[in-house]
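Worksheet for the structure shown next.
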C-alpha cells in the first residue's frame, strides 16, 4: 500500500521511548512547528546540505521519492564516530536504498503493527509497516543486526 501523504508526525510516546534510550540532540526533518528536539532544521534550511556530525539525530523524513536521499544522508553522516542517526521509516525491504544503506545499519528494529502517526486527520493506522533504523557512528555494516521488535506505543 502507499499513500500520497509524505509527512507523518511521530507519535509523541513513541519518540519519548526512543529519546530515553538515545538522548537526541538534533531533529533534521521538521516543518518548523513539529520539531522534537531543541536543535532542528526546516525544509528551508535543507538538512540534506547541512552537517549532522557530532549529533545524535532523530529523523522521521518525508516518505516520498526523496526518502532514499535521507537514508543515504543518514548513512553517510553516521560514518563519523561521534554521530548517531536513528530513523523512523517505512519498512520497504524491496527498495534499492534499503539494500544499499539500511542493511549497513548497526541495528534494524521492526515496529509491531502499524503506527498511528500524529497530526493526521484520521485515527487509522499508517498504510505501511515501519522500522527504526539505527546508524551508530562508525559502526555500520560491521555487525548489522536485527533489534527487538518494538511495539507502536499508543498515546
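How big is Rg to Rh over segment 36-103, alpha-carbon atoms, Rh as the Kirkwood inverse-mean-distance radius?
Working: Rg = 11.7 Å, Rh = 12.5 Å.
Answer for segment 36-103: 0.94.
First check a/c for segment 12-151, with a ≥ b ≥ c the square roots of the eigenvalues of its C-alpha gyration tensor; if it is under 1.5, answer rounded, and if not, answer prolate when a/b is larger than b/c or oblate otherwise. Since a/c stays below 1.5, the shape of segment 12-151 is classed as rounded. What FRET efficiency, computed as 1/(1 + (r/R0)^6) with R0 = 41 Å and r the Cβ-Cβ distance, is obtained for residue 13 and residue 46, rounded to the nearest 0.05? My answer for the efficiency is 0.85. Computed from the Kirkwood radius of its Cα pairs, the Stokes-Einstein diffusion coefficient for segment 73-120 at 25 °C and 0.890 mPa s stands at 197 µm²/s.
Fewest neighbouring Cβ atoms within 10 Å first, the residues 58, 63 line up as 63, 58.
Quick note: the coordinates plus some simple rules give every number you see, no bench work behind them. This one's a predicted model, so the numbers in the text were calculated from it and none came from an experiment. Quick reminder, even Gly has a Cβ in these numbers, built from the backbone with ideal geometry, and neighbours come from all protein chains shown.
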